[in-house]
Amino acid sequence: MKKHNILKAFGIMAILSLGLTACGGGESTTETAEAANRLEAIKAAGKITMATSPDFAPYEFEDISSGSTQYVGSDIELGKYIAEQLGVELEIQPMDFSACQAAVTTGSVDMAISCFASTPEREESMGLSHGYSIDQTQPNQGLLVLAENKDSYTKAEDFAGKKIAAQNGALQQQLVAEQLPDAEMVPVTTANDGVMMLTTGKVDALAIATSVGESYVKNYPEICLSDFYFDYDSPGNVVAVTKGEDELLEAINEIVDDVMEQGLYQQWFDESMELATSLGLVDEE
């Protein structure tokens with residue numbers, strides 16, 4: 001009898017405990033659900049989630065020198081700064097570039113920062129921030145080719161019938177399709193994959209942002225940027241958020257404008273290039 005009473009009392013306490021837990025969790029969920037918009041939900045949760053494809057040194061890449069994986073780069077610093085200015089923590093979710101776009105389109109992350117260029121197609125499906133960029137003195141979209149073949153690629157016609165790799169879902173796919181229609185486009189998951197295919201002769205060129213291409217050239221002396229550049233006037237890269245989250249986008253725009261006004265992004269880029277060099281991801285000139 002005594003044992004039965006003890007078990008009964010324990011059962012009642014357990015039920016009460018579960019009920020309190022459920023009420024507490026329910027209150028938190030309700031607070032998030034009742035947030036007027038995503039910006040309020042982010043502040044209520046105390047964190048902002050960011051998708052990125054960490055294979056574009058010095059913009060976003062992995063540093064494993066400490067024994068654990070750290071996500072670093074100028075875009076990562078921008079994400080940290082946005083979180084800091086909003087008064088929340090940053091949660092980085094690494095994924096393939098095309099998955100980044102899907103994640104922000106469906107709202108499974110709060111924002112994506114991964115060298116996104118502003119395009120009409122993206123404007124239709126995402127909210128895009130004001131542009132941020134580094135100082136560039138040359139066209140910003142080009143093609144990597146084998147150095148021994150550089151003289152063979154000086155104009156668009158030279159790429160007719162050639163295999164050109166471009167990262168799946170990236171701006172470069174659109175540029176190849178529009179400006180090199182006689183070439184055969186080969187989608188790749190990452191720029192690293194494209195470089196490997198180029199150096200092993202599986203493709204003839206890799207469409208790429210020139211700032212990223214320059215990093216690969218420093219590390220792979222057998223490749224170079226061709227003398228042909230895509231006709232593209234870039235306003236800079238952008239932060240992507242879910243379409244319709246205007247309050248969040250407005251807050252991010254203010255932060256991006258502040259970053260550019262202070263010259264912070266160029267500073268982060270230079271520091272990230274130095275780190276990438278020290279890690280052997282980019283060779284010193």
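The values are calculated or read from the model by the stated rules, or taken from the named source; none is laboratory data. Remember, it's a predicted structure, so these values are computed and weren't measured experimentally. Here the Cβ positions follow ideal geometry from the backbone for every residue, glycine too, while neighbour counts run over all protein chains shown.
Answer with yes or no whether Ile113 is buried (at least 24 other Cβ atoms within 10 Å of the Cβ) and of a type in the set (Val, Ile, Thr).
Numbers: buried (at least 24 other Cβ atoms within 10 Å of the Cβ): yes; of a type in the set (Val, Ile, Thr): yes.
So Ile113 passes the test.
Let me confirm something: among Gly161, Gly107, Gly169, which residue is in the same structural domain as Val203 (by TED's automatic domain parsing) and within 27 Å of Glu250 (Cα to Cα)? Can you show your working first?
On the way: Gly161 fails: within 27 Å of Glu250 (Cα to Cα); Gly107 fails: in the same structural domain as Val203 (by TED's automatic domain parsing).
From the options Gly161, Gly107, Gly169, the qualifying one is Gly169.
Which of the residues spanning region 43-85 are in a helix (DSSP H, G or I), touching a strand residue (DSSP E or B) at 6+ places or on another chain (Cβ under 7 Å) and surrounded by fewer than 19 Cβ atoms within 10 Å (Cβ to Cβ)?
Lys80
Within region 114-137, which residues are hydrophobic (A, V, I, L, M, F, W, C) and modelled with pLDDT under 95?
Let us first name the residues in region 114-137 that are hydrophobic (A, V, I, L, M, F, W, C), namely 115-117, 126, 128, 134.
Correct list: Cys115, Phe116, Ala117, Ile134.
Considering each residue of region 20-73, count those that are at positive phi and modelled with pLDDT of 95 or more, and give that number. Before the answer, list the steps.
Let us first name the residues in region 20-73 that are at positive phi, namely 46, 67, 73.
Going one step further and asking which of them are modelled with pLDDT of 95 or more, we end up with 46, 73.
Going through region 20-73 one residue at a time, the tally reaches 2.
One residue is enough: does region 179-194 have a residue meeting the conditions closer than 30 Å to Glu261 by Cα and either at pLDDT 95 or above or in a helix (DSSP H, G or I) (or both)? Lay out the reasoning, then the answer.
Taking region 179-194 first, the residues closer than 30 Å to Glu261 by Cα are none.
No, there is no match, as no residue in region 179-194 is closer than 30 Å to Glu261 by Cα and either at pLDDT 95 or above or in a helix (DSSP H, G or I) (or both).
Could you count how many residues in region 231-268 are at pLDDT 95 or above, more than 30 Å from Ala36 (Cβ to Cβ) and touching a strand residue (DSSP E or B) at 6+ places or on another chain (Cβ under 8 Å)?
1
Quick one: Phe97 ticks every box in (1) under 22 Å from Ser211 (Cα atoms); (2) of a type in the set (Phe, Trp, Tyr); (3) at pLDDT 95 or above bar one, so which box is it?
The number of the failed condition is (3).
Take Ser125 and tell me if it is more than 18 Å from Phe230 (Cα to Cα) and either in contact (Cβ under 8 Å) with a residue 60 or more places away in the chain or not basic (Lys, Arg) (or both). Lay out the reasoning, then the answer.
On the way: more than 18 Å from Phe230 (Cα to Cα): yes; either in contact (Cβ under 8 Å) with a residue 60 or more places away in the chain or not basic (Lys, Arg) (or both): yes.
Taking the combined requirement at face value, the residue satisfies it.
How many residues are surrounded by fewer than 20 Cβ atoms within 10 Å (Cβ to Cβ) and under 19 Å from Gly169 (Cβ atoms) if we restrict to region 197-209? Even if it seems obvious, please write down each step before you answer.
So in region 197-209, the residues surrounded by fewer than 20 Cβ atoms within 10 Å (Cβ to Cβ) come out as 197, 199-202.
This time we only want the ones that are under 19 Å from Gly169 (Cβ atoms), so: 197.
Adding up the residues that qualify gives 1.
Would you be able to say whether some residue in region 195-213 is in contact with a Ser or Thr (Cβ under 6 Å, 6 or more places away or on another chain), at pLDDT 95 or above, polar (S, T, N, Q) and not in a strand (DSSP E or B)? Quick ask: steps written out before the conclusion?
As a first pass, look at region 195-213 and keep what is in contact with a Ser or Thr (Cβ under 6 Å, 6 or more places away or on another chain): none.
The answer is no, given that none of the residues of region 195-213 is in contact with a Ser or Thr (Cβ under 6 Å, 6 or more places away or on another chain), at pLDDT 95 or above, polar (S, T, N, Q) and not in a strand (DSSP E or B).
With respect to Ser211, is the statement that it is in contact with a helix residue (DSSP H, G or I) (Cβ under 8 Å, 6 or more places away or on another chain) and either touching a residue at least 12 places away in the same chain (Cβ under 8 Å) or among the acidic types (Asp, Glu) (or both) true? It would help to see each step written out before you state the result.
On the way: in contact with a helix residue (DSSP H, G or I) (Cβ under 8 Å, 6 or more places away or on another chain): no; either touching a residue at least 12 places away in the same chain (Cβ under 8 Å) or among the acidic types (Asp, Glu) (or both): yes.
In short, no.
Working carefully through the options Gly236, Gly263, find the one that is over 19 Å from the mean Cα position of the chain (by Cα) and at positive phi.
On the way: Gly236 fails: over 19 Å from the mean Cα position of the chain (by Cα).
Only one candidate passes the filter, namely Gly263.
Taking the criterion of being assigned by TED's automatic domain parsing to the domain that holds Ile48 and in a helix (DSSP H, G or I), would at least one residue in region 125-143 satisfy it?
Looking for residues that are assigned by TED's automatic domain parsing to the domain that holds Ile48 and in a helix (DSSP H, G or I), one finds at least one in region 125-143, hence yes.
Considering only residues of region 130-158 that are of a type in the set (Val, Ile, Thr) and surrounded by fewer than 15 Cβ atoms within 10 Å (Cβ to Cβ), which is nearest to Ile252 (Cα to Cα)?
Thr137
What residue, of Leu275, Leu249, is surrounded by fewer than 21 Cβ atoms within 10 Å (Cβ to Cβ) and either part of a loop (DSSP other than H, G, I, E, B) or of a type outside the set (Gly, Ala, Ser) (or both)? Outline the logic, then answer.
Numbers: Leu249 fails: surrounded by fewer than 21 Cβ atoms within 10 Å (Cβ to Cβ).
Answer to the selection: Leu275.
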